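A.B. asks: Got a structure for you, written out below as structure tokens; questions coming shortly.
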Ligand code: GLN
């Protein structure tokens, strides 16, 4: 049976619980342990698939086609875990399960209540991810202690310790220790209040992670420990760092690995091997090269909306010993002011995934600029669809569009492939019953066969790959011949050749566009081949000037 580490947060949101949980996972893996991570989200949405990226940030997609919280992306980037439907539960999903059972009569006349029915369902969910193949399960509770919504989750994890034995459970709590400049001091009171709140629910934290903008002196640690009923060595400083990939190293230097050994009775474990993380951190902090990449999209400025993408670009930089500067360009601004104003000094252009008509023409203009000026271009999902539209319009002289933007387009080079439903399950009804909103999306991992000698084939160094999808529209095969005759190369398709997954251009330094989302599978210790290739080409074709 695995040991459990529950991670809660206090004082304010956005302190980085996901990073703290993931970095702890990396540290435990570096000691040879097998780790899984799970997120419990207190909101009522059954999954974040229906939430706006403006509201909630990126929707992260798992291999098995689940739309999940972006923290699962951190889990996969920091550790070897492959997340699935069991790694993210929301209040909505928990209640949905309980209400389905109630309607089915499973509770045999019981009055169905938060305790024990909801809390039991939460405990079942926790156990669903923490299978016997893992030594440690790290469970992150979304929100901040004191929120009304998170109470059932906190009650469930409180009970959990009695179910599986005290020695098998550890509670970690992340708080803020602000520096008040007028007083010239770090203040521990918010942390004390947050721990008090947690203890009122019946949870005494075993470890405190204290976010601060500077080091915590031994005195401050002692004070926090005294007021929060802890040993001073259980107060771990989580000081701001240049890159999140340094956090496992910081935790180690704060003695977290020894503390976890002691608290979870993980005896006789070796010292963590952190050389790969040291290498990652040093490549980010002392790069030899530099490249500026323009991301032409809709949610610019909202970096969480493209979390995996920005991380994958950093990983592409790690693979090339390069710093990657991101230039966020609003495609509607391009429509208003032209491409030259925004893109004349960038080394690479990327159009990421997206939905809806707004800003589409600006994206197409940016792609035309990349193609004509021979600037490395990387298109992802919508960025592939718009690349196909651009090529069809300006090279093949078609009146091309996607039916997502114009249902009566004369040349629907991107369209809704009704047949696709049969493709996956062999049965339209069965597929649409799966889920009501998501039923029309191609979600999760699909195999893709690469064509020999193409850029994609060289980058991956493989015949067949598997990548994750999240889209409704597809390349229209009726236009394949005319596009290919004019120079478009289809470098990746589904194994039966039906679905076009990657296109590229030959007479160009680097122009690759894929229907899937490669960013979901990139890691700092294993940068994704397409991001690696894109950044490599951007450095080679460098146009930007740096001091
Ligand atoms: N809107 C497009 C589609 O649904 C692209 C989606 C995406 O980029 N994730 O097919």
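A.B. asks: How many residues, within segment 162-181, are under 18 Å from residue 115 (Cα atoms) and either in contact with a helix residue (DSSP H, G or I) (Cβ under 8 Å, 6 or more places away or on another chain) or crowded, with 19+ Cβ neighbours inside 10 Å (or both)?
C.D. replies: Residues in segment 162-181 being under 18 Å from residue 115 (Cα atoms) and either in contact with a helix residue (DSSP H, G or I) (Cβ under 8 Å, 6 or more places away or on another chain) or crowded, with 19+ Cβ neighbours inside 10 Å (or both): 1 in total.
A.B. asks: So which residues in segment 367-405 are free of Cβ contacts under 8 Å to residues at least 60 places away in the same chain and within 13 Å of the ligand (Cβ to nearest atom), if there are any at all?
C.D. replies: 386, 389, 401, 405
A.B. asks: Scan segment 162-171 for residues that are in a helix (DSSP H, G or I) and over 30 Å from the mean Cα position of the chain (by Cα) and report the count.
C.D. replies: 5
A.B. asks: Could you please find all residues in segment 520-529 being surrounded by 23 or more Cβ atoms within 10 Å (Cβ to Cβ) and either more than 19 Å from residue 60 (Cα to Cα) or at pLDDT below 95 (or both)?
C.D. replies: none
A.B. asks: Another question about this same structure. With respect to the numbered conditions (1) in contact with a strand residue (DSSP E or B) (Cβ under 8 Å, 6 or more places away or on another chain); (2) modelled with pLDDT of 95 or more; (3) surrounded by 20 or more Cβ atoms within 10 Å (Cβ to Cβ), which one is the sole condition not fulfilled by residue 48?
C.D. replies: Looking at each condition in turn, residue 48 falls short on (2).
A.B. asks: Next question. Return yes or no: is residue 363 within 16 Å of the ligand (Cβ to nearest atom) and either closer than 19 Å to residue 400 by Cα or surrounded by fewer than 24 Cβ atoms within 10 Å (Cβ to Cβ) (or both)? Explain how you work it out, then say what you get.
C.D. replies: Details: within 16 Å of the ligand (Cβ to nearest atom): yes; either closer than 19 Å to residue 400 by Cα or surrounded by fewer than 24 Cβ atoms within 10 Å (Cβ to Cβ) (or both): yes.
Taking the combined requirement at face value, the residue satisfies it.
A.B. asks: Is it the case that segment 402-411 has a residue that's crowded, with 22+ Cβ neighbours inside 10 Å and either modelled with pLDDT under 95 or touching a helix residue (DSSP H, G or I) at 6+ places or on another chain (Cβ under 6 Å) (or both)?
C.D. replies: Scanning segment 402-411 turns up at least one residue that is crowded, with 22+ Cβ neighbours inside 10 Å and either modelled with pLDDT under 95 or touching a helix residue (DSSP H, G or I) at 6+ places or on another chain (Cβ under 6 Å) (or both).
A.B. asks: Another question, if that's okay. Mind listing whichever residues of segment 73-88 are closer than 20 Å to residue 246 by Cβ and surrounded by 18 or more Cβ atoms within 10 Å (Cβ to Cβ)? Spell out how you get there, then give the answer.
C.D. replies: At the first step, the residues of segment 73-88 found to be closer than 20 Å to residue 246 by Cβ are 73-80.
Within segment 73-88, 73, 74, 75, 76, 77, 78, 79 qualify.
A.B. asks: Same structure again: Which residues, taken from segment 443-497, are within 16 Å of the ligand (Cβ to nearest atom), over 17 Å from residue 392 (Cα atoms) and over 24 Å from the mean Cα position of the chain (by Cα)?
C.D. replies: 494 - this is the single residue of segment 443-497 that is within 16 Å of the ligand (Cβ to nearest atom), over 17 Å from residue 392 (Cα atoms) and over 24 Å from the mean Cα position of the chain (by Cα).
A.B. asks: Out of 196, 223, which single residue is surrounded by 14 or more Cβ atoms within 10 Å (Cβ to Cβ), without any contact (Cβ under 8 Å) to a residue 12 or more places away in the chain and farther than 22 Å from residue 27 by Cβ?
C.D. replies: Being surrounded by 14 or more Cβ atoms within 10 Å (Cβ to Cβ), without any contact (Cβ under 8 Å) to a residue 12 or more places away in the chain and farther than 22 Å from residue 27 by Cβ holds for just one of 196, 223, which is 196.
A.B. asks: Also, quick follow-up: Does segment 511-531 contain at least one residue that is closer than 20 Å to residue 375 by Cα, in contact with a helix residue (DSSP H, G or I) (Cβ under 7 Å, 6 or more places away or on another chain), away from the ligand (no atom under 16 Å from the Cβ) and part of a helix (DSSP H, G or I)?
C.D. replies: Scanning segment 511-531, I find at least one residue that is closer than 20 Å to residue 375 by Cα, in contact with a helix residue (DSSP H, G or I) (Cβ under 7 Å, 6 or more places away or on another chain), away from the ligand (no atom under 16 Å from the Cβ) and part of a helix (DSSP H, G or I), so the answer is yes.
A.B. asks: Would you pick out the residues in segment 475-496 that are touching a helix residue (DSSP H, G or I) at 6+ places or on another chain (Cβ under 7 Å) and buried (at least 21 other Cβ atoms within 10 Å of the Cβ)?
C.D. replies: 475, 479, 483, 488, 491, 492, listed by residue number.
A.B. asks: Does segment 118-161 hold any residues that are in contact (Cβ under 8 Å) with a residue 12 or more places away in the chain and over 25 Å from residue 36 (Cα atoms), and which are they?
C.D. replies: Passing the criteria: 146, 147.
A.B. asks: From 536, 498, grab the single residue that is touching a residue at least 60 places away in the same chain (Cβ under 8 Å), under 30 Å from residue 281 (Cβ atoms) and outside any strand (DSSP E or B). Don't jump to the end; show me each part of the working.
C.D. replies: Details: 498 fails: under 30 Å from residue 281 (Cβ atoms).
Result of the check over 536, 498: 536.
A.B. asks: Only helices (runs of 4 or more DSSP H) wholly contained in segment 280-358 count here; list those with 1 or more residues that are over 17 Å from residue 532 (Cβ atoms), away from the ligand (no atom under 16 Å from the Cβ) and touching a strand residue (DSSP E or B) at 6+ places or on another chain (Cβ under 8 Å).
C.D. replies: Helices (runs of 4 or more DSSP H) meeting the threshold: 331-337, 340-343.
A.B. asks: For segment 278-316, name all the residues that are within 19 Å of the chain's Cα centre (by Cα) and more than 22 Å from residue 60 (Cα to Cα).
C.D. replies: Passing the criteria: only 280.
A.B. asks: Within segment 28-45, which residues are within 15 Å of residue 149 (Cβ to Cβ) and under 18 Å from the mean Cα position of the chain (by Cα)?
C.D. replies: Matches in segment 28-45: 39, 40, 41.
A.B. asks: Go through segment 369-397 and give me each residue that's surrounded by fewer than 20 Cβ atoms within 10 Å (Cβ to Cβ) and assigned to a loop (DSSP other than H, G, I, E, B).
C.D. replies: 373, 374, 395, 396, 397
Matching residues to (1) in contact with a helix residue (DSSP H, G or I) (Cβ under 9 Å, 6 or more places away or on another chain); (2) outside any helix (DSSP H, G or I):
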position	(1), (2)
83	yes, yes
93	yes, no
99	no, no
119	yes, no
125	yes, no
134	no, yes
149	yes, yes
160	yes, no
195	yes, no
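A.B. asks: Have a look at 247, 235, 241 and point out the one that is within 17 Å of residue 214 (Cα to Cα), in contact with a helix residue (DSSP H, G or I) (Cβ under 8 Å, 6 or more places away or on another chain) and at pLDDT below 95. Quick ask: steps written out before the conclusion?
C.D. replies: On the way: 247 fails: at pLDDT below 95; 235 fails: at pLDDT below 95.
Of the residues listed, the single one that is within 17 Å of residue 214 (Cα to Cα), in contact with a helix residue (DSSP H, G or I) (Cβ under 8 Å, 6 or more places away or on another chain) and at pLDDT below 95 is 241.
The values are calculated or read from the model by the stated rules, or taken from the named source; none is laboratory data. Just so it is clear, the model here is predicted, and its values are computed rather than measured. As a convention, Cβ positions derive from the backbone with ideal geometry for all residues, glycine included, and neighbour counts pool all protein chains shown.
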